[in-house]
Amino acid sequence: MDALLALYIFMLAAFTGYEIIAKVPVILHTPLMSGSNFVHGVVVVGAMIMLGQADTPVQQAIGFFAVALGAANAAGGYVVTERMLAMFKKKEL
Amino acid sequence: MDALLALYIFMLAAFTGYEIIAKVPVILHTPLMSGSNFVHGVVVVGAMIMLGQADTPVQQAIGFFAVALGAANAAGGYVVTERMLAMFKKKEL
Amino acid sequence: MTMPLYVQGGWFIGALLFIFGLKGMSSPASARQGIVTAGYGMLVAIAATFFIPGLQNLALMLAALLIGGAAAWISGKQVKMTDMPQMVAIYNGMGGGAAAAIAAIEFAKGDAHSVVTTVLAVVGALIGAVSFTGSCVAWAKLQGVLKKAWRLPAQNAVNVILAVVSVGLGVAMIGCAPAEPVLILGFFVIALLLGLVVTLPIGGADMPVVISLFNAFTGLAVGFEGYVLGNPALIIAGIVVGAAGTLLTQLMAKAMNRPLSNILFTPMVASGAGEAITGTMKEVNALDAAAMMRYAAKVIIVPGYGMAVAHAQHKVWEMTAILEEAGVEVKFAIHPVAGRMPGHMNVLLAEAGVPYDKIFDLDEINAEFGQADVALVIGANDVVNPSARTDKSSPIYGMPILDADKAQNVIVIKRGKGTGYSGVENALFYTDNCRMLYGDAQPMAGEIIQHLKTLG
Amino acid sequence: MTMPLYVQGGWFIGALLFIFGLKGMSSPASARQGIVTAGYGMLVAIAATFFIPGLQNLALMLAALLIGGAAAWISGKQVKMTDMPQMVAIYNGMGGGAAAAIAAIEFAKGDAHSVVTTVLAVVGALIGAVSFTGSCVAWAKLQGVLKKAWRLPAQNAVNVILAVVSVGLGVAMIGCAPAEPVLILGFFVIALLLGLVVTLPIGGADMPVVISLFNAFTGLAVGFEGYVLGNPALIIAGIVVGAAGTLLTQLMAKAMNRPLSNILFTPMVASGAGEAITGTMKEVNALDAAAMMRYAAKVIIVPGYGMAVAHAQHKVWEMTAILEEAGVEVKFAIHPVAGRMPGHMNVLLAEAGVPYDKIFDLDEINAEFGQADVALVIGANDVVNPSARTDKSSPIYGMPILDADKAQNVIVIKRGKGTGYSGVENALFYTDNCRMLYGDAQPMAGEIIQHLKTLG
Ligand SMILES: NC(=O)c1ccc[n+]([C@@H]2O[C@H](COP(=O)([O-])OP(=O)(O)OC[C@H]3O[C@@H](n4cnc5c(N)ncnc54)[C@H](OP(=O)(O)O)[C@@H]3O)[C@@H](O)[C@H]2O)c1
Ligand SMILES: NC(=O)c1ccc[n+]([C@@H]2O[C@H](COP(=O)([O-])OP(=O)(O)OC[C@H]3O[C@@H](n4cnc5c(N)ncnc54)[C@H](OP(=O)(O)O)[C@@H]3O)[C@@H](O)[C@H]2O)c1
C-alpha cells in the first residue's frame, strides 16, 4: 500500500477521531469509550484475512485465536454499548 | 493514483469539512466562506505542476493563465480573510 | 510522475496546516490565528512545488505567480469592507478557472489515463468553468457593473439545454479519449456559457448564496483535478472546502427561508402579497430624533442592509459614543439575516470598532425591547416586520424577527418608501409609536450627530 | 494481494458506517442509533470478507467467529451494569490480542515487506500485546479476582528494562526480517510481560483511565496492522479510535486532577495530608433519617462510588418515588467525577429508571443546596469534601465540589469511617448539621423505605 496515501489517511482519521470526541458531554464518555472499543473490533476482519491465508498448523492456531478474540471484541463491545445506550434512550422519554 | 485509497481520502475529507463547519456561529460564516475560498487557492500548486510540464505554446499559455489565476485566488483570499478576521480580533479586546 | 519525498512532504504539511487553519477559523477566539496557519500551509505547499525535478517554464511560472498574486494582494488590501462579498466571488472564480485550465492542459496533452481519472478530469473542468464565469457575473452584479437581472425568455429551458450539451460533450471526451482539440474547445465554451447563463438572471440580493455555492464548486473542482494530478494535498483541500461550502450554502438558504432550487431557478417575485395595511407613516426630523435619543435611558439600534450600502457604520458608532457619553445605554441588536450575507452586520460593526459586548443576538436581546425608550432602525426592514409574526399570507411569515415594535418609540432611518429584500410592506412603519426619518443613512447619522453635539 | 471490488466496497461501507455511528454516539439523542449504525458497518465488513477469493480454513473461521462471538455476546448480555467497566476492559484486551496475533502470523509467514510495513507491524504487535495482558489485569482487578496492588521492589526500573528489551527485540526483527521463530517468540513473551508488569501496580480506582488508555492502544494497533494488511477500513477504524481514545484518556485524567504519568508510574499515596479536622461525627438512625426526609420540602440526593459498589441505585429510586408521592421535591446532584468512570452515576441512575429531568450537573444545582432541607449523601465522599474549597494542603484542593454542606441538614450513608478515593478526611462529616447513617448503601436504603412506608 502506498505509504504516502496511508499517511494522509492516518492524518485525516486521527483528525476525525479527535473531532468526534472533542465536544462530547461527560455523561457520554463511558458509552463512547465502549462504542469505540466496539469499532476496533473490526480487527476481526484482519484476523479472518490472516486465517484465510494460514497454511501451517501453528499459523492456523494463531489465526483461530485471532478470529475468536476479534469476534469477541466486536460482539461483546456491541452488546455492552447497546445496553448502556438503550438506558439513555429510556431516560429521555 | 489508487482509486480506492483516493475514495477513502475523499470520504474522510468530506467528513472533515462538514465537521469543521457544522457548529460554527453565524457571525463567522462570511469569514469562513472567505477562508475556505483561500484554501482552495492551493489549486495554484496543480497549475504550477501543469505549467512545469507544458511543452507547446498553447499549453504554456493556458498554464500561465492557470498559475496566475490560482495565485490570485490564494493571495486575494488570504488578504481578504485576514482583514476580516483582524477586525474580529480587535473586537474582542 | 512520482515525486521526491521532500516535495510530497511539503504538500502533506500544507494539507495538515490547511485543516488546522480551517478548524481555527471556526471559533472567534482562534480565527485570526487560523488564517495565518493556513497561510503558512500555502507557502509551504508552493515552495515544495518548486523542488519538483525537471520543472520547465520556470520564468513564466514566476511571472504568473507574481502578476496574479500581486494584483490580487493589492486589490484585496484596498477594497472597502462593504465590497468584500464581490472580492470573495472574483477570487473564487479565479480558482475555478485555474482548475478548469489544469484539466484543459491534461486534455491537450492527451496522455492516456484510466477512465476514472478522465471522468473526474471532465467533471472538475465542467464545474470549475461554471464557477469561473458564474463568479465573474456575481462580481459584476455586486460591484454594480451589471445592474439588472438579465433573464432570457425561456430561461430554464436554455439552462437545461446548455447543461445537457456540456455533459454530452464531456461524455464524448471520455468516450474518445484523447479528444480532438475542437471537441475540447467546444466543451469549454459551452461550460463557460452555462456558468454565465445560469447566473445572469439571479438577483443581487441572492448573490451571497450563489457565491457560497460556487465556492463549494471550485473546491470540488480542485479536489477532482487533484486526483487527476495524483496530488492528495489538492484532493484534501478541495474536498474539505467542497463539503464545507455545500453545508454553508444550505445554512444560508435556510436562514433566508428560501430553498436553494428556488434561488437558482425562479425569479424573485416582488410579491406585494400580504394583508393590506391601514394607517399612515408619520415623519420626524433629525433634531427631534436626536432629542428623543439624547433624553432616553436606553436605546437599541437595529442595523440592516441599508446601513451597509450607505457605509454608515462609522457614523453610527460615532453617534453611539456621544450618546453613551451623555449617559444613555446603547445596545446593538443583530438579526441573523440582517444585511446580505451571514454575519454581515457583525463584520461591519466590528470594522467601525463597536466592541463585542454591545452587540447582541436576536435571542439575547428580544426581551429587552420592552424596556427601551427608543429603538433606532437604520436601513433595516424585513428583520423588524411584525407581519412575520401574525400575517400568514406574508412571504416572510414565520421568520423570527427583532421586536423593535415593543419599544416605547421607534425611529426608522430609510430613504423613502422602498421595501426590503422580500418586497413586502412593513406594518411597523404605520404603528402609532413609529416615526420615519427619511434620508440616506450616512448623512442622516451625521445630522443626528450634529444635533446631539448642540444638545450637549 | 489485490481484492475484488465488492470486497473493497463492503469494507468501505463498513468504515463509513463506523464514522457515522461514532458521530451519532457523541450526542445523547442519537447515541442509540449510532451504535446500531456502527453495528451494521461491522456486519457489512465481516460479510464482505467472506467473499475474498480463495479464502482457506473456512470451517475453522466460522467456528472461531461463533465461539468468540457467542461467548462475548452472552456474557455481555448477562453482566450487571456496575460490572460494565471490566467488560469493556476484557473485550478491549481481546481486540489488542487479535491485532498482535495478526502480526504474529505475518512474521511467521515471513513474506518480504517494505521497511515501513515491518516497522508498523512490529509497533502494532507491541502495543496490541501490551493492551492484551494489561487489559486482562484491569479486568481481574475490577472483577475482584486480583485484590491488592502488586508492586515490585524496583517497579519503575523493571518497567523501563522490559520496555527497552521489547523495543530492542522489535528493532532486531525489523533488521533481520524475516525473523527467526525464536526471536518472534521472545518478542511476544516480553511484550505480553510488559503489559502485565506495568498494569499490576495500578490501583483499582485508577483503572478506568488505564482502560481508556489501552482502548486507544488497541485502536492504534488495529490501525497499524490495517496498514500491514493493506486494508484502509482497518486503518480508519483503528486510528479514529486511537485518536478518540487518547483524547478521552486525557479528559479523564484531567477531570481527576491527576496527570497520566502520575497514574501510570507512581503509587497512590494514601496521603492523610491536609489540615487536621476537629469535632465529632454524629450518628443518626434510619427511622430519624426517614422522618427528616418525609417532612422535608426539598431533598437533594448526592450519589457516589459507594452507591455503585452497593448496587443501591434501584432502592434509591424506589425511595425517591415514595418521597415524591408524599409531596417532597427530590433532585439528584451529579458531580462530574462521582464514581469511578466518567458518567458513572448517570449510567447507573438511568439503569434504575430515574428520569432525565431529575438529574442535575454540578453547575446547575450547586446554588440550590441552600434551599434544600436535606442533602442525602449516598456513598459519596471526595465530591462533597469542603476542604477542596479552603484547605490548600489537601490533595483535592481546587476541585469543584457539590455544596452539600450548605443544606439545612446533611445525612451521609456510608459503612464506616473509610476515606474516599483520594484518601483524605472529610470535614463535612464533622459539621454540626451533618449526621452519619452507618451501613451498606443498599440495605440502608431498604430500611429507609420501610420506615417511610410506616410513616405513610
Ligand atoms: N444576511 C443574509 O445572509 C441574507 C442574504 C440574502 C438575503 N437576505 C435577506 O435580506 C433581508 C435583510 O433584512 P434587512 O432588514 O437587513 O434589510 P431589508 O429588509 O432588505 O431592508 C433594507 C432597507 O434599507 C433601506 N435602505 C436602502 N438603502 C438605504 C440607504 N442608503 N440609507 C438608508 N436606508 C436604505 C431600504 O429602504 P429605502 O429604499 O426606502 O431606503 C430597505 O427598506 C432579509 O429579508 C433577508 O432574508 C439576507
Ligand atoms: N468518575 C471518574 O471518572 C473517576 C475515575 C477515577 C477516580 N475517580 C475519583 O473517585 C472519587 C469519586 O468520589 P465519590 O465521592 O464518588 O467517591 P469516594 O470519594 O471514592 O467515596 C466513596 C465513599 O463510599 C463509601 N462506600 C464504599 N462502599 C460503600 C457501600 N457499599 N455502601 C455505602 N458506602 C460505601 C466509602 O466509605 P466507607 O468505606 O466508610 O463505606 C467512601 O468514603 C473522586 O476522588 C474522583 O477523583 C473518579
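Worth a mention:
- When A:Lys23 is tested against (1) surrounded by 20 or more Cβ atoms within 10 Å (Cβ to Cβ); (2) modelled with pLDDT under 95; (3) more than 16 Å from ligand 2 (Cβ to nearest atom), exactly one condition is not met: (1).
- Test: residue in the range D:361-375 that is touching a residue at least 12 places away in the same chain (Cβ under 8 Å), within 11 Å of ligand 2 (Cβ to nearest atom) and within 21 Å of D:Tyr421 (Cβ to Cβ): no
- C:Gly370 vs. criteria at pLDDT below 95, out of contact with any strand residue (DSSP E or B) (no Cβ under 7 Å at 6 or more places or on another chain), at positive phi and in the same structural domain as C:Val299 (by TED's automatic domain parsing): no
- Taking the range C:345-435 as the region of interest, the strands (runs of 3 or more DSSP E) fully inside it that hold 2 or more residues being closer than 23 Å to B:Ile27 by Cβ and of a type outside the set (A, V, I, L, M) are C:359-361.
Here is a yes/no grid of residues against (1) modelled with pLDDT of 85 or more; (2) of a type in the set (Lys, Arg); (3) over 12 Å from C:Leu193 (Cα atoms); (4) out of contact with any Phe, Trp or Tyr (no Cβ under 9 Å at 6 or more places or on another chain):
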| site | (1), (2), (3), (4) |
| --- | --- |
| C:Val123 | yes, no, yes, no |
| C:Val130 | yes, no, no, no |
| C:Gly134 | yes, no, no, no |
| C:Lys141 | yes, yes, yes, yes |
| C:Pro153 | no, no, yes, yes |
| C:Ala163 | yes, no, no, yes |
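- Residue selected from the range C:383-409 under the condition β-branched (Val, Ile, Thr) and modelled with pLDDT of 85 or more, by the criterion surrounded by the fewest Cβ atoms within 10 Å (Cβ to Cβ): C:Ile401
- Put simply, of B:Gly52, B:Gly77 the only residue that is of a type outside the set (Val, Ile, Thr), at the interface with chain C (Cβ under 7 Å from one of its Cβ atoms) and buried (at least 24 other Cβ atoms within 10 Å of the Cβ) is B:Gly77.
- Looking only at residues in the range A:55-73 that are more than 7 Å from chain D (Cβ to nearest Cβ) and part of a helix (DSSP H, G or I), the one that is surrounded by the fewest Cβ atoms within 10 Å (Cβ to Cβ) is A:Pro57.
- Applying a threshold of 6 Å to beta carbon distances and a minimum spacing of six or more residues, or different chains, the list of pairs starting in the range C:18-41 at a residue that is free of Cβ contacts under 8 Å to residues at least 60 places away in the same chain and ending at one that is of a type in the set (Phe, Trp, Tyr) reads C:Pro28/B:Phe88; C:Ala31/B:Phe88; C:Thr37/C:Phe20; C:Ala38/C:Phe18; C:Gly39/B:Tyr78; C:Gly41/C:Phe18.
- Within the range D:296-329, considering residues that are buried (at least 24 other Cβ atoms within 10 Å of the Cβ) and in a strand (DSSP E or B), the one farthest from ligand 2 (Cβ to nearest atom): D:Val299
- Test result for D:Arg415, more than 9 Å from ligand 2 (Cβ to nearest atom), over 17 Å from D:Gly370 (Cβ atoms) and charged (D, E, K, R): no
- Close Cβ contacts (under 6 Å, 6 or more residues apart or on different chains) running from residues in the range D:200-219 that are under 14 Å from D:Lys147 (Cα atoms) and within 11 Å of ligand 2 (Cβ to nearest atom) to residues that are outside any helix (DSSP H, G or I) and aliphatic (A, V, I, L, M) comprise D:Gly203/D:Ala149; D:Gly203/D:Met268.
Yes/no matrix, rows are residues, columns are (1) more than 11 Å from ligand 1 (Cβ to nearest atom); (2) not aromatic (Phe, Trp, Tyr):
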{"residue": "C:Ser387", "(1), (2)": "yes, yes"}
{"residue": "C:Asp391", "(1), (2)": "yes, yes"}
{"residue": "C:Pro400", "(1), (2)": "yes, yes"}
{"residue": "C:Gln408", "(1), (2)": "yes, yes"}
{"residue": "C:Arg415", "(1), (2)": "no, yes"}
{"residue": "C:Tyr421", "(1), (2)": "no, no"}
{"residue": "C:Asn426", "(1), (2)": "no, yes"}
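- Evaluated against (1) at pLDDT below 95; (2) within 10 Å of chain B (Cβ to nearest Cβ), C:Thr199 falls short on exactly one condition, (2).
- Residue in the range C:36-43 that is at the interface with chain B (Cβ under 7 Å from one of its Cβ atoms) and touching a Gly at 6+ places or on another chain (Cβ under 6 Å) present: yes
- Put simply, of D:Leu251, D:Leu183, D:Leu192 the only residue that is more than 14 Å from every other protein chain (Cβ to nearest Cβ) and either surrounded by fewer than 24 Cβ atoms within 10 Å (Cβ to Cβ) or free of Cβ contacts under 8 Å to residues at least 24 places away in the same chain (or both) is D:Leu183.
- Test: residue in the range C:366-380 that is within 12 Å of ligand 1 (Cβ to nearest atom), over 15 Å from C:Phe332 (Cα atoms) and not charged (D, E, K, R): no
- Any hit, the range C:88-103, residues being more than 10 Å from chain B (Cβ to nearest Cβ) and modelled with pLDDT under 95: no
- Residue within the range B:19-33 that is under 30 Å from C:Lys80 (Cβ atoms), acidic (Asp, Glu) and within 7 Å of another protein chain (Cβ to nearest Cβ) present: no
- Residue, nearest to ligand 2 (Cβ to nearest atom), within the range C:433-452, restricted to residues that are within 16 Å of C:Asp288 (Cβ to Cβ) and of a type in the set (D, E, K, R): C:Arg435
- Criterion: at pLDDT below 95 and farther than 28 Å from D:Leu349 by Cα - qualifying residue of D:Gly279, D:Gly238: D:Gly279
- Out of C:Ala70, C:Ala59, sole residue that is within 8 Å of chain B (Cβ to nearest Cβ) and free of Cβ contacts under 8 Å to residues at least 24 places away in the same chain: C:Ala70
- For D:Thr117: the one exception among (1) within 16 Å of ligand 2 (Cβ to nearest atom); (2) at pLDDT 90 or above; (3) within 14 Å of chain A (Cβ to nearest Cβ): (1)
- Yes/no for B:Gly41 being without any contact (Cβ under 8 Å) to a residue 40 or more places away in the chain, buried (at least 24 other Cβ atoms within 10 Å of the Cβ) and not polar (S, T, N, Q): yes
- Here A:Ala3 meets each of (1) more than 7 Å from chain D (Cβ to nearest Cβ); (2) surrounded by fewer than 23 Cβ atoms within 10 Å (Cβ to Cβ) with one exception, condition (1).
- Filter result (within 7 Å of chain A (Cβ to nearest Cβ) and either of a type in the set (D, E, K, R) or within 16 Å of ligand 1 (Cβ to nearest atom) (or both)) within the range D:334-355: D:Glu351
- Yes/no for C:Gln371 being closer than 22 Å to C:Met436 by Cα, of a type in the set (S, T, N, Q) and within 14 Å of chain B (Cβ to nearest Cβ): no
The values are calculated or read from the model by the stated rules, or taken from the named source; none is laboratory data. Quick caveat: nothing in here was measured; it's all calculated off a predicted structure. Using ideal geometry, Cβ is built from the backbone for each residue, glycine included, and neighbour counts are taken over all protein chains shown.
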